[in-house]
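Each reported figure results from applying straightforward, stated rules to the coordinates on display, with no laboratory input. Remember, predicted model here, so these are calculated numbers, not experimental data. Reconstructed Cβ throughout: ideal geometry from the backbone, glycine too, with neighbour counts over all protein chains shown.
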Amino acid sequence: MNAHKSMPKRVRVSVATALAIGLLPVLAACGGSSDKTGASSDSTAGGANAANDSTTNADGAVQLTVPDGADAETKKTYIQQNTLAACMKKQGFTYTPHVVTASGDDSFAGLDAEDYVAAKKSREKYGFGNYAAAVYPDDPNAPFSNPGGKAGEKRTDAVADDDEKGLTPAQQKAYQEALAGPQAKSKADEKIGGCELKASIAVNGHALSAAEEKKAENAKAEANRANGLELNGDAQLVQLAQGYATCLKAQGIPVSTTQPTGMSDMVRMEQKVPENHFSMSKAEALPLLTKEIDLSLKDLECGKKFRAAYFPKEKAHPYYGDNA
């Protein structure tokens, strides 16, 4: 039986980041979920809290309300956080659920350019984002920026709450055991436990056996292969990809593939970026950013019609891997 991976303690979960946690078997182990609260059966709504867009369940645990129109990945994040809060309350502790959603100024909007308007706004200032952190280190909307820290470093966005405030050392230990299970005796023995395990099961279902996991991986790979064939064989996408490539070549931009699955981010991915691009000085990075902005906008305009057709079809036939 393969163990679920451990979740970081008190780390804010961002739905802008993809959660590679499969489909949505929310009925597993936790009795289903509400479309609005994203909560387990332990999470029956009690009192509303409009200011925080949340409710409380019968035990008094805070349960975040899932925003209208949230996609499946966003719902999973709410389910995970709400299940943690409900489970910890049953253990006699408070866990404040947190979900960070993408703001209107999504710092990564310019990368895949699925949204043309948002991408144009982003690329006009940040290009593909390779040098933005060096030029705008204190700009929270710059891709890979880290206000208050070194450009390019990973931010943990640790949540400030009072969940463990006032607890004695013994109570803090009990809190952590309730959250993540007993501390492992060695690194090799580490595995997810406690309420984190329950939250993982609520989103992922129970861990698969090795044979079941292999079967699921094979099925996923086959579905991915079929989706790639579907997208690359789509007559409209093939035609639009050719037009996209012709436009790029006319601008003097190299084209390495005309397969639809490889076109949307080909120009961005094939840039030769210095390894020290995050640690460059502003003076070093600025001319490179200026050049990248020009390139990224040319790519955006050349691929406008292609992306408008590609992304809706890619959502219906999700594809990842080479030339994705």
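Values computed for the structure shown
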read-out	value
Förster radius 35 Å - calculated FRET efficiency between Asp139 and Glu301 (Cβ-Cβ, nearest 0.05)	0.90
The range 208-304 shape via C-alpha gyration tensor axes, a/c threshold 1.5	oblate
The range 274-320: C-alpha gyration tensor shape, a/c 1.5 cut-off, then a/b vs b/c	oblate
Net length gained if the chain between Lys272 and Asp115 were fully extended (0.36 nm per residue, minus Cα distance)	54.0 nm
Inter-label distance, nm, simple model (7 Å from Cα along the C-beta direction), Lys187/Leu229	4.3
Computed FRET value (nearest 0.05) for Val238 with Glu217, which takes r as the C-beta separation and R₀ as 30 Å	0.50
Inter-label distance for Ala309 and Glu124, nm, one decimal - labels placed 7 Å from Cα along Cα-to-Cβ	2.8
Karplus 3J(HN,Hα) series, Hz, for the range 129-134 with 6.51 cos²θ - 1.76 cosθ + 1.60 (x for Gly, Pro)	x, 5, 10, 5, 5, 6
Additional length obtainable on full extension of the chain from Ala170 to Thr246, 0.36 nm per residue less Cα span	20.7 nm
Under 13 Å, Cβ to Cβ, from Phe306 - net charge with Lys/Arg +1 and Asp/Glu -1	-3
Virtual spin-label span in nm between Lys90 and Thr290, 7 Å along Cα→Cβ	6.1
Packing rank of 83-90, 235-242, where each peptide gets the mean count of other beta carbons within 10 Å, highest leading	83-90, 235-242
Distance violations [Cα-Cα > 25 Å] among Lys220/Lys304; Lys76/Lys191; Lys75/Lys125; Lys120/Lys272; Lys282/Lys304; Lys249/Lys305	Lys220/Lys304; Lys75/Lys125; Lys282/Lys304
